[in-house]
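Undergrad: Quick one: structure below, then a few questions.
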Amino acid sequence: LGGNNMFAALEESEFLYDSSMVAPLQNPPLWPYTTYFAIPHACHGNFQKCPTRSYGVWEMVMNEFDPRELPGDSTEQVSGCVMLDSCTEIRTPDALYNVLTP
């Protein structure tokens, strides 16, 4: 994520949305939001520079999901996954099915 420079370039080029920002695992997950106001979550992930100014760009945030087959206590600290290929805990088709179905 490129911070203010990236969002200024997106706005100047008349992009309507961005989908590169990652939100930490939370329940409920975030819906898309505008960057007219401060982002509603901490800047999360490696090498992410979140915007600190207002821009006319929608953010289609990538919500982490819980990689556990049977989610436990909501207060338990869990490392979420942004994309399926980054979830090292999911090793079998059955595990994937169990994660994706409630």
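Undergrad: Pull out all pairs, ordered by first then second residue, where Cβ-Cβ is under 9 Å, the residues are six or more apart or on different chains, the first lies in the stretch 39-60 and is under 13 Å from residue 18 (Cα atoms), and the second is open to solvent by 60 Å² or more (accessible area, probe 1.4 Å) and not in a loop (DSSP other than H, G, I, E, B).
TA: Close Cβ pairs (under 9 Å, with a partner that is open to solvent by 60 Å² or more (accessible area, probe 1.4 Å) and not in a loop (DSSP other than H, G, I, E, B)) amount to 55/11; 56/11; 57/11; 57/17; 58/17; 59/17; 60/17.
Undergrad: Now for a different question. Which of the numbered conditions does residue 42 fail, given that it passes all the others? Conditions: (1) open to solvent by 50 Å² or more (accessible area, probe 1.4 Å); (2) more than 15 Å from residue 63 (Cβ to Cβ); (3) outside any helix (DSSP H, G or I).
TA: Tallying (1) open to solvent by 50 Å² or more (accessible area, probe 1.4 Å); (2) more than 15 Å from residue 63 (Cβ to Cβ); (3) outside any helix (DSSP H, G or I), residue 42 fails exactly one: (2).
Undergrad: Could you check how many residues of the stretch 32-48 are of a type in the set (A, V, I, L, M, F, W, C) and in contact with a strand residue (DSSP E or B) (Cβ under 9 Å, 6 or more places away or on another chain)?
TA: 3
Undergrad: Another question about this same structure. I'm checking my understanding of the structure. Among residues of the stretch 18-38 that are of a type in the set (S, T, N, Q) and touching a residue at least 40 places away in the same chain (Cβ under 8 Å), which one is surrounded by the fewest Cβ atoms within 10 Å (Cβ to Cβ)?
TA: The extreme case among them is 27.
Undergrad: Confirm whether residue 47 is modelled with pLDDT under 90, over 12 Å from the mean Cα position of the chain (by Cα) and exposed (fewer than 12 other Cβ atoms within 10 Å of the Cβ).
TA: Considered against the rule, which asks whether it is modelled with pLDDT under 90, over 12 Å from the mean Cα position of the chain (by Cα) and exposed (fewer than 12 other Cβ atoms within 10 Å of the Cβ), residue 47 comes out as yes.
Undergrad: Within the stretch 16-34, track down each residue that is part of a loop (DSSP other than H, G, I, E, B) and either more than 14 Å from residue 1 (Cα to Cα) or aromatic (Phe, Trp, Tyr) (or both).
TA: 16, 24, 25, 26, 27, 28, 29, 30, 31, 32
Undergrad: Mind listing whichever residues of the stretch 1-15 are open to solvent by 90 Å² or more (accessible area, probe 1.4 Å) and not in a helix (DSSP H, G or I)?
TA: 14, 15
The values are calculated or read from the model by the stated rules, or taken from the named source; none is laboratory data. Because the structure is predicted, anything quoted here is derived from the model rather than measured. Note that we place each Cβ from the backbone using ideal geometry, even for glycine, and neighbour counts take in every protein chain shown. Note: accessible area is taken over every heavy atom of the protein model, side chains too, but ligands, DNA and RNA are not part of it. Shrake-Rupley method; radii C 1.70, N 1.55, O 1.52, S 1.80 Å.
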